[in-house]
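K.L.:
Got a structure for you, written out below as structure tokens; questions coming shortly.
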2 protein chains.
Amino acid sequence: MPRGRPREFDIDQALDRALRVFWRKGYEGATLPELTRAMGINRPSLYAAFGSKEELFRQALDRYAEGPAGYLGEAMGEPTARAVAERLLDGTIEVVTDRRNPRGCLLVQGALACGETAESIRRELAARRLAGEAAIRKRFERAIADGDLPGDSDPADLARYIVAVMQGIAVQAASGANRAELRQVAALALRAWPN
Amino acid sequence: MPRGRPREFDIDQALDRALRVFWRKGYEGATLPELTRAMGINRPSLYAAFGSKEELFRQALDRYAEGPAGYLGEAMGEPTARAVAERLLDGTIEVVTDRRNPRGCLLVQGALACGETAESIRRELAARRLAGEAAIRKRFERAIADGDLPGDSDPADLARYIVAVMQGIAVQAASGANRAELRQVAALALRAWPN
DNA sequence: CCTCTTGTGTACTCATCGGTACATAATATG
DNA sequence: CATATTATGTACCGATGAGTACACAAGAGG
């Protein structure tokens, strides 16, 4: 049984709300008053529950990976490399054009406007982007073994290409591109796919 | 003859230095102490010469368009749509991997971590990105008239695609991708080009 | 030489940033 | 009921943000 006064808010819901703020504003752009207001709690409660703004951000990143960016993991389960690529692009478009979501990619948006303080945040985000790319590369390596990618394809190049297009799509969404326009981008990008 | 005490610094050089800081840190991430230090002047001189941080940023954007992003205008002069696309991708790679430059694209990086204050900056950057895309689209429309793009190609889609890849490349560069890796991305992207 | 104009440098303003001290409220355990 | 423990809310902290007032310096025109 938990001792002491019980927490009066739902910590998962609060984290979700914080994620939205970080997603919209980036790490440094999200201020504590904004965060606490969106989370419906006050400052000391935030610090008691999450430790600090930076720890809160890292937990929000984890939640992002499980939730809005979950399509990335799901895509890995597609049967062929081409299906993986299609699913990655479609998933990106779906997320960045969903009206309930901020436009753009948290891993891209979050990194900027970093004072020296947030240099560690910048590295963290770059590391997470690279980890995603590495997972895709590994999936494409398997695809070559499976025979659904030509043996002379370079899985690292293909992974980098797909990730670049995904990130480009995210930026375009932030510039105001709509779903249909982004689907055309994805379709064009897939014309380059080896077969 | 100019009246009063003469300015003791080169205003163009100072603007160049400011551009570098904005490029590296974004609009809000660039602080006045950083800016004045890089520019070699003190705060009142900055305000006297440029008006405000926001006006300084806008002037830095103009300089960016003429300087580091000048390849965009040059690319429009290429004889065919494909050559334009190649030049755009190559130019992007050149700029974002030049060791003398910050990594990434000012128009993408600058927008982030915007408090409400800087919402106008955000819009300005989105507008400039869209203006660049529109210029590319117009060039591709001409290419169709010239016959060096198939008549059933959609210039808007192609422009959006190329811009997306350019922006993706810029993000990848910020993640640490090197020139050779980005050239592979560009080569892959061009496999999708209509012929 | 005096004055007018413009640039420079120091030292300030006020707002806001992330983070916290402290008093109080709410629960579990004894 | 008493006490230990944890959460909440107010009100603060020092640091730093953008922007500026003001005294002084350097030139031009008279």
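Bear in mind these aren't lab numbers, they're just calculated from the coordinates by the rules spelled out. Owing to the predicted nature of the structure, the values given are computational and were not obtained by experimental measurement. Ideal geometry is used to build each Cβ from the backbone, glycine not excepted, and the neighbour counts take in all protein chains shown.
K.L.:
Measure nothing fancy, just the Cα-based angle from helix A:179-190's long axis to the longest principal axis of chain A, in degrees from 0 to 90, nearest 10.
P.N.:
That works out to roughly 40 degrees.
K.L.:
Restricting things to alpha carbons, find the Rg to Rh ratio for region A:11-64 using the Kirkwood radius for Rh.
P.N.:
Details: Rg = 9.4 Å, Rh = 10.5 Å.
Reported Rg/Rh, Kirkwood definition of Rh: 0.89.
K.L.:
Given the rule -39500 (n - 2.57) for each run of at least 4 DSSP H residues, summed and divided by the residues of chain B, what is its mean residue ellipticity at 222 nm, to the nearest 500 deg cm²/dmol? Walk me through the numbers on the way to the answer.
P.N.:
Values: 10 runs with 134 residues, N = 195.
My calculation for chain B gives -22000 deg cm²/dmol from helical runs alone.
K.L.:
Give me the distance in nm between label points sitting 7 Å out from Cα along the Cα-to-Cβ direction at B:Ala187 and B:Arg142, one decimal.
P.N.:
Rounded to a tenth, the inter-label distance reads 3.0 nm.
K.L.:
Roughly how big is the protein assembly as shown's charge dipole about its Cα centre, with Cβ charges of +1 (Lys, Arg) and -1 (Asp, Glu), in debye to the nearest 20? Intermediate values should be presented prior to the final figure.
P.N.:
Details: 58 positive and 54 negative charges, 237 e Å.
Rounded to the nearest 20 debye, it is 1140 debye.
K.L.:
Once the other residues with Cβ under 15 Å from the Cβ of A:Asp146 are scored (Lys, Arg +1; Asp, Glu -1), what is the net sum?
P.N.:
Values: positive: A:Arg82, A:Arg137, A:Lys138, A:Arg139, A:Arg142; negative: A:Glu78, A:Glu141, A:Asp148.
So the surrounding residues net to +2.
K.L.:
Shielding of A:169-179 by partners, i.e. mean partner chain Cβ atoms within 10 Å per residue?
P.N.:
On the way: counts 6, 5, 13, 9, 1, 8, 14, 4, 5, 0, 0.
Mean inter-chain Cβ contacts per residue within 10 Å come to 6.
K.L.:
Let me ask something additional. Can you run the Rg to Rh ratio on chain B? Use alpha carbon positions and the Kirkwood inverse-distance Rh. Write out the running numbers ahead of the final one.
P.N.:
Details: Rg = 18.8 Å, Rh = 18.1 Å.
Here the Rg-to-Rh quotient is 1.04.
K.L.:
Return the average number of partner chain Cβ atoms within 10 angstrom of each residue Cβ along peptide B:153-163. It would help to have the intermediate numbers written out before the result.
P.N.:
Working: counts 1, 2, 0, 2, 6, 3, 0, 10, 12, 3, 6.
Taking all residues of B:153-163 together, the mean is 4.
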